[in-house]
Amino acid sequence: MKSRQPNPFVDRVISDSLHGLQEGISEFSGPSRVALIYCLSPQSELFICDPQSLLRNYDPILKKIYIEEQAWCADVGLKNDKAKFAHILAEKDLQLDGLITYGGRSGSVFYQMWFTEHHPNICSTGPTERWLEHAVLRFSHDMANEEALYTGISGNFLKEYSGHAVRDHIIDEGNFHLGLDSAIRIYPVLRAILGISKTLEEGAWPLGNLLFVEPKLMDKVSFLARFHGNERPQLENFKHVRKLLQSVEDSHNNLVSDGISIVGIATENHLDFSILVEFHRRYGFIKTDTQTVCSFSDGRFHSTTNRAKLVEVEEALLETESLSSDCACKLFQIISALVHNAEKSSHGCTLVIDLGDTPLNIPGQKFDQPLNLSKSRMLRLAYSLSAVDGALLIDANCHLNGFSCLLDGNSIPGEDLARGARYNSALRFSKKHKDLIVVVVSSDRPVSVIRRGIEINGQCIWRAPKSCIFSSAYLKEWLNTAGYEKV
């Protein structure tokens, strides 16, 4: 495919933004790729910049949208006026499976659509959409400036935008429910959340709920106790708030704040809009109403739900001919429950799911009779057994045949010594036995699904382009080349 450059200045602007966007979203959501489709003026061609081949499997739908239907180039009444670069008309979401998109038009850029990956374990697409929305504004701003005035700062803004993206999403949600007149300042709230999350009390990480309520809605809160107005702990005093969280640990009660101080202790929340912060020791979640906005850990915001989706396990079970769909679903529910319990308890474990007709005889602790994990009391017992060193052996009939099982095998290519003995033993053992699925839960929360010596949920490693400046291509030519550059 022949690459064409609109001009070196545009390439540099796009490259700086794509670099910053990719690094920032990868910190927020895990390894992520980004891409851009754009047209600078009504008379210009449509270009694509996809340095990491994010869109390489979407050519049929992109061809339909941009070549056949041509709706993107409709006249919306915007004049080519660079002075109006900040007047952004949002474009409709393209609704592509596996992608998050956001686009817009302005007086300096006739059309632009930004793309990134939609990870399966994301809490909400809202913050990422706000991130892409800011990329639209930055590109519009940069194209409105002359080359001599370009500072290259957009990439840095986009790289460090996670906190702003969370804030922007919460502001949008609040405006929808309460209107534009809000007294709570979100930046101090977010700063307090991270500060409290990193504050230990007698060696323990924070546990409990902190509810932020708009002052004008405070009379609707079901308070159990309110603090005296002159003695209310200030939100910015992280240590004091951390101590007070002990009063709502392991209960359905919440500390209540107006964004400045701690007002009191209340029961469950039934307001039209509020911000609920759940502290779960080393991690936590921010919620608005019933929607989880994001998680936080290690002093940063993240998009992850902190719960493995196990999509690969579900697909493998449903594709197993010897299992009925009902049996596959029941087995998947059991596996999910064991994995999520291990994640919640922060201990590692290994599950060996043997789909063969006769379960393997693996060295370990056996039972007189296998335990039926379809029974809730047996499943709870398996929760405890999973914390013991070694693997749980589960057969296709949802029975636990043993625990503390030892997995052996010869060394194979693809081992990762950085992952430890549990992970590499699973690789070796699954390579020897074809009818197995092995799920490895590490104590630091990553979950690996392994079959036939290969981690089937491993991240696809893409190679970074050799140049830090990406070149764009005409979208028509990019689509007409049936292949993409393979990575």
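The values are calculated or read from the model by the stated rules, or taken from the named source; none is laboratory data. As the structure is a prediction and not an experimental result, all values here were calculated from the model. Neighbour counts are summed over all protein chains in view; Cβ atoms, including those assigned to glycine, are modelled from backbone coordinates with ideal geometry.
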Inset, instruction - Go over the candidates Ile184, Ile196 one by one and state the one that is at negative phi, modelled with pLDDT of 95 or more and of a type in the set (Val, Ile, Thr). - result: Ile196
Legend entry - Lone qualifier among Ile67, Ile37 - being assigned to a strand (DSSP E or B), touching a residue at least 40 places away in the same chain (Cβ under 8 Å) and under 24 Å from Thr481 (Cβ atoms): Ile37
Legend entry - Ser44 surrounded by 14 or more Cβ atoms within 10 Å (Cβ to Cβ), small (Gly, Ala, Ser) and either touching a strand residue (DSSP E or B) at 6+ places or on another chain (Cβ under 7 Å) or farther than 27 Å from Val166 by Cβ (or both): no
Inset, instruction - Using the structure shown, decide if Leu190 is surrounded by fewer than 14 Cβ atoms within 10 Å (Cβ to Cβ) and under 27 Å from the mean Cα position of the chain (by Cα). - result: no
Inset, instruction - Can you give me the ranges of the strands (runs of 3 or more DSSP E) entirely in region 271-377 with at least 3 residues that are free of Cβ contacts under 8 Å to residues at least 60 places away in the same chain and either out of contact with any helix residue (DSSP H, G or I) (no Cβ under 9 Å at 6 or more places or on another chain) or within 30 Å of Phe176 (Cα to Cα) (or both)? - result: 365-372
Inset, instruction - Output the helices (runs of 4 or more DSSP H) that fall wholly within region 144-261 and possess 3 or more residues being among the hydrophobic types (A, V, I, L, M, F, W, C), or say none. - result: 162-178, 186-197, 238-245
Inset, instruction - Could you tell me whether Trp114 is outside the structural domain of Gly284 (by TED's automatic domain parsing), more than 19 Å from Asn145 (Cβ to Cβ) and in a strand (DSSP E or B)? - result: yes
Inset, instruction - Search region 295-353 for residues being of a type in the set (A, V, I, L, M) and touching a Cys at 6+ places or on another chain (Cβ under 9 Å), and hand back the single one that is surrounded by the most Cβ atoms within 10 Å (Cβ to Cβ). - result: Val352
